[in-house]
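Structure first, then comments.
The values are calculated or read from the model by the stated rules, or taken from the named source; none is laboratory data. Here the structure is a predicted model, which is why all the values come from computation and not from measurement. Don't worry about glycine lacking a Cβ; one is built from the backbone with ideal geometry, like all the others, and counts go over all protein chains shown.
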Amino acid sequence: MAPPRRTKSSGPPPPAKTLVLDNGAYTIKAGVVQADAETPAPSIIPNCLARDRDKHTYIGSQLSSCNDFSEIVFRRPVEKGYLVNWEAEKEIWEQEFFDPKAKLHCNPSETSLILTEAPNALPALQTNCDQVVFEEFGFARYLRVTAPTLNAYTDIQSFFKSPARDPNSTAALPAEILMLIDSGYSHTTITPLLLGRPIQSAIRRLDVGGKLLTNYLTRLLSLRQYDMRNDTYLVNEIKEATCYISQDFKADMEKTWKGPKGDRRPVYETGDGIAKDYVLPDYHGRTKGYVRDHDPNAATKLKELVKGKALGASEDVLTLRNERFTVPELLFSPTDIGLRQSGIAQQVMDSLSALPMGLWPGFLANIVVVGGNSNIEGFVFRLQMEIRSLAPAECIVRVARPADPIVNTWQGGANLAKEEATLANLSVTKQEYEEYGAGWVAKKFGSR
Amino acid sequence: MINFGVREVANSRATAAPGWAYVPDTGVNASVTALQPSSRTRVRNQPTASLHETTAKQEAKILRELAALDRENHRDVLIPVPIRHKDNAGRVSHGKSTPAVRKILQSQKTFANHLSDFEAFSSLPAPSQPVISIPATPVVRTTPSTAVPTVASAPHLTSKGTRSHKKKDPNAVSTPTPLRKVSTASQSSTPLPIKSEPSQDIPVLDAPLLSQGNSTVPTPHPGDKDPLLVSRIPIMPSREEIEQLLAAPPMTYIEARGPWVYEDRMKPVRQFCEVCGYWGRVRCKGCGGRVCALECLQVHQEECFNRYGA
């Protein structure tokens, strides 16, 4: 006798493993999550093909084996936050996930995939993505979701310092109301999320991201000190090590001015602690640069020290003064380089203006920043200060940053992967794709 | 007409002719407009009386510099996928690729290409594309009870939130929400006429949509009833309104670009010294570039070639 027919809802058993893939422009945050096992820490994989001076090509995580980053060039499959070049991306994914020797090896036909994308993607790119995921890799189940959305599946109230919470209370996921600011490599997006769903009409994008900041710092350093234009990797490290967001831009600017001829400002040399030296790596003895306080007499001391010694004993130093705070200032004042957009705080208010006023207090009290730029010192404080000055006086403004803002999106995805019912509801299985086609899938993901 | 199946698509802007030609380098090219779109619906309706009109030459310079800041590498490089991986040696085979996938994998289009494709297609009068019919600010507000001006009609609301906030109808109903700590204080002492309203105004459906919170209600204070201290709480949108908001289709890439709001346009743009980065207080006579003082001006003029002979 034939077995009883399965109803549609039961279907084949859901895949036991979920590959959560936060496919950022700069790094991929990836990990395999199983419903009954503990969530592993995600791997952070550079999302690029890189070629060094000796014409050796590194793919993804191979970059960690590189020890000479001078004149290294990159090819990134994700452009402006959107997955554009599948040739390169496939190469990276093949190596990181489908290679039998890979740390995160998984068999796509037995795995479901949660893949992030930036909001407001082009439909053509989304369709390409769906096609490759199902037809080339053949994942059993697939969810394409905007990256900000996943953050609603983390316990956002734990990021805020006040009010004190009952430590035993567990947060219901997804978060009810959340204003998410994602400041990444390509751009900064502002997404209001209600009940774990984005309010599409209020999403705003500021075209300032980590790449623009790095390139701007490169330009300033190349104009003023050494030509760093072929060493963006190094400049990025300098940026991460030294840049901060000023609490008082004008005052800091005064401290770092040398003053007119004949009227030198004494504060200039040390800049009241602002001036820092970055010792550049030479990729022989020193493969990583480091920061130290600026020492006005360093040059003479060094001359004494290396007198009559080998060349390797010397060091190259970049002195950073107003570069330290004028570069990340672009996030708050993009017009400084002629970019005709308002800063982050004003974009948050513009996003709110597209929402009913009844929701304003809720969004203003639950602002979370994620993405690499939020690691810049002073970012959260300044953002809160600026939003506070723009927001209605009666509203409470709270801005918080998760412990690790870079993997928070991934963490949300991992939490979602454990909630089988919600995930099954949101995802599309391979059978459904084959039955209803790409248009149906696009519509299903588009409506979220 | 024989056109070999090639369909010409109406384009919103003139593209550069193929091949080459001597053209002055002041125009706007495709990769640059993606960064800084010149005419967009959202921008169009706002007053343009800005304090900082730029000349075409300065504009071109800014655009060029922004395009340079958007680059991945300083030089143009081509990094091919390593050949030893091209064959499937040591790889899990995913089966035979379909022609569509092969086409995607071989495509070398950049984001700028995709974006101009999208623009070209959306400028076609195609009723089958619902995406392009979204208004610039798709805000749907259907609150019959309040006299709040709709946000869509008032761009100033953007940041003058405080002011419009106070303009609210005094009869606005205060709903207890967990989202506002203020609400709980005034709630306990709301005057009678307001108390009577919720039954007609707020559908019962509204209650479970957002949780009501579990924070403790502060102890009542005699000053709570003072009309000067009562805070007006904006009305919570109804369930249908929220559903409508959530159901709105995504905006396009260009529409989602954050605006340059009116207040910021009115502010003078900060100018910096091109040499040392301090405030740009002096303008070079030759090129109009900014420097901070005479010393930096001398450095600047050593390589200021913008005017012949200067």
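Just for helices (runs of 4 or more DSSP H) wholly inside the stretch A:351-448: which have at least 1 residues that are more than 11 Å from every other protein chain (Cβ to nearest Cβ) and touching a strand residue (DSSP E or B) at 6+ places or on another chain (Cβ under 9 Å)?
Details: elements: A:360-364, A:379-390, A:408-418, A:420-426, A:430-436, A:438-446.
Fully inside the stretch A:351-448 and qualifying: A:379-390, A:408-418, A:420-426, A:430-436, A:438-446.
Yes/no matrix, rows are residues, columns are (1) at the interface with chain B (Cβ under 8 Å from one of its Cβ atoms); (2) over 13 Å from residue A:368 (Cβ atoms):
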{"site": "A:175", "(1), (2)": "no, no"}
{"site": "A:196", "(1), (2)": "no, yes"}
{"site": "A:203", "(1), (2)": "yes, yes"}
{"site": "A:207", "(1), (2)": "yes, yes"}
{"site": "A:212", "(1), (2)": "yes, yes"}
{"site": "A:223", "(1), (2)": "yes, yes"}
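Per-residue answers, yes or no, for (1) closer than 30 Å to residue B:239 by Cα; (2) more than 9 Å from every other protein chain (Cβ to nearest Cβ); (3) small (Gly, Ala, Ser); (4) surrounded by 19 or more Cβ atoms within 10 Å (Cβ to Cβ):
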{"residue": "A:77", "(1), (2), (3), (4)": "no, yes, no, yes"}
{"residue": "A:84", "(1), (2), (3), (4)": "no, no, no, yes"}
{"residue": "A:161", "(1), (2), (3), (4)": "no, yes, no, no"}
{"residue": "A:182", "(1), (2), (3), (4)": "yes, yes, no, yes"}
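Out of all the residues in the stretch B:282-291, is one or more outside any loop (DSSP other than H, G, I, E, B) and closer than 30 Å to residue B:116 by Cα? Before you say what the answer is, go through the steps one by one.
Applying the first criterion (outside any loop (DSSP other than H, G, I, E, B)) to the stretch B:282-291 yields B:282-283, B:290-291.
Checking the rest, the ones that are also closer than 30 Å to residue B:116 by Cα come to none.
No, that holds for no residue.
Does residue A:258 satisfy the condition of being assigned to a loop (DSSP other than H, G, I, E, B) and buried (at least 18 other Cβ atoms within 10 Å of the Cβ)?
Values: assigned to a loop (DSSP other than H, G, I, E, B): yes; buried (at least 18 other Cβ atoms within 10 Å of the Cβ): yes.
So residue A:258 fits the description; yes.
Is it true that residue A:242 is surrounded by fewer than 14 Cβ atoms within 10 Å (Cβ to Cβ) and either touching a residue at least 12 places away in the same chain (Cβ under 8 Å) or more than 14 Å from every other protein chain (Cβ to nearest Cβ) (or both)? Give the steps one after another, and end with the answer.
Numbers: surrounded by fewer than 14 Cβ atoms within 10 Å (Cβ to Cβ): no; either touching a residue at least 12 places away in the same chain (Cβ under 8 Å) or more than 14 Å from every other protein chain (Cβ to nearest Cβ) (or both): yes.
Answer is no for this residue.
Please verify whether residue A:383 is closer than 30 Å to residue A:35 by Cα and crowded, with 24+ Cβ neighbours inside 10 Å, treating the condition exactly as stated. Explain how you work it out, then say what you get.
On the way: closer than 30 Å to residue A:35 by Cα: no; crowded, with 24+ Cβ neighbours inside 10 Å: yes.
Judged against the criteria, residue A:383 is not a match.
Restricting to the stretch A:322-345, count the residues that are within 12 Å of residue A:243 (Cβ to Cβ) and either facing chain B (nearest Cβ under 8 Å) or charged (D, E, K, R) (or both). Even if it seems obvious, please write down each step before you answer.
Narrowing the stretch A:322-345 to residues within 12 Å of residue A:243 (Cβ to Cβ): A:322-331.
Keeping just the survivors that are either facing chain B (nearest Cβ under 8 Å) or charged (D, E, K, R) (or both) gives A:322-324, A:326, A:329.
Qualifying residue count for the region: 5.
Suppose we filter A:290, A:278 for residues that are in contact with a Leu (Cβ under 8 Å, 6 or more places away or on another chain) and of a type in the set (Ser, Thr, Tyr); which single one remains?
Numbers: A:290 fails: in contact with a Leu (Cβ under 8 Å, 6 or more places away or on another chain).
None of the other options fit; the residue is A:278.
Restricting the first residue to the stretch B:223-252 and requiring it to be more than 7 Å from chain A (Cβ to nearest Cβ) and within 13 Å of residue A:201 (Cα to Cα), which pairs with a second residue that is assigned to a loop (DSSP other than H, G, I, E, B) and of a type outside the set (Ser, Thr, Tyr) meet a Cβ separation below 8 Å and a spacing of at least six or different chains?
B:244/B:140
Could you grab the pairs with beta carbons closer than 7 Å, sequence gap of 6+ or different chains, first residue in the stretch B:111-132 and over 16 Å from residue B:249 (Cβ atoms), second one at pLDDT 85 or above and not in a helix (DSSP H, G or I)?
Short answer, once both residue conditions are applied: B:111/A:79; B:111/A:80; B:111/A:82; B:111/A:84; B:114/A:84; B:114/A:122; B:115/A:122; B:115/B:253.
Determine which member of the set A:250, A:239, A:276, A:258 is outside the structural domain of residue A:75 (by the TED database) and farther than 30 Å from residue A:184 by Cβ.
Working: A:250 fails: farther than 30 Å from residue A:184 by Cβ; A:239 fails: farther than 30 Å from residue A:184 by Cβ; A:276 fails: farther than 30 Å from residue A:184 by Cβ.
Exactly one of A:250, A:239, A:276, A:258 is outside the structural domain of residue A:75 (by the TED database) and farther than 30 Å from residue A:184 by Cβ, namely A:258.
Name the residues in the stretch A:109-119 that are surrounded by fewer than 22 Cβ atoms within 10 Å (Cβ to Cβ) and not in a strand (DSSP E or B), would you?
Correct list: A:109, A:110.
Residue-wise test of (1) modelled with pLDDT of 85 or more; (2) within 10 Å of chain A (Cβ to nearest Cβ); (3) surrounded by fewer than 17 Cβ atoms within 10 Å (Cβ to Cβ).
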site: B:95; (1), (2), (3): no, yes, yes
site: B:107; (1), (2), (3): yes, yes, yes
site: B:112; (1), (2), (3): yes, yes, no
site: B:120; (1), (2), (3): yes, no, yes
site: B:125; (1), (2), (3): no, no, yes
site: B:137; (1), (2), (3): no, yes, no
site: B:143; (1), (2), (3): no, yes, no
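Here is a yes/no grid of residues against (1) part of a loop (DSSP other than H, G, I, E, B); (2) at pLDDT 85 or above; (3) hydrophobic (A, V, I, L, M, F, W, C); (4) surrounded by fewer than 13 Cβ atoms within 10 Å (Cβ to Cβ):
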| residue | (1), (2), (3), (4) |
| --- | --- |
| B:227 | yes, no, no, yes |
| B:254 | yes, yes, yes, no |
| B:264 | no, yes, no, no |
| B:297 | no, yes, yes, no |
| B:309 | yes, no, no, yes |
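Scan the stretch A:65-81 and tell me whether some residue there is on the phi > 0 side of the Ramachandran plot, at pLDDT below 90 and part of a helix (DSSP H, G or I).
Taking every residue of the stretch A:65-81 in turn, none turns out to be on the phi > 0 side of the Ramachandran plot, at pLDDT below 90 and part of a helix (DSSP H, G or I).
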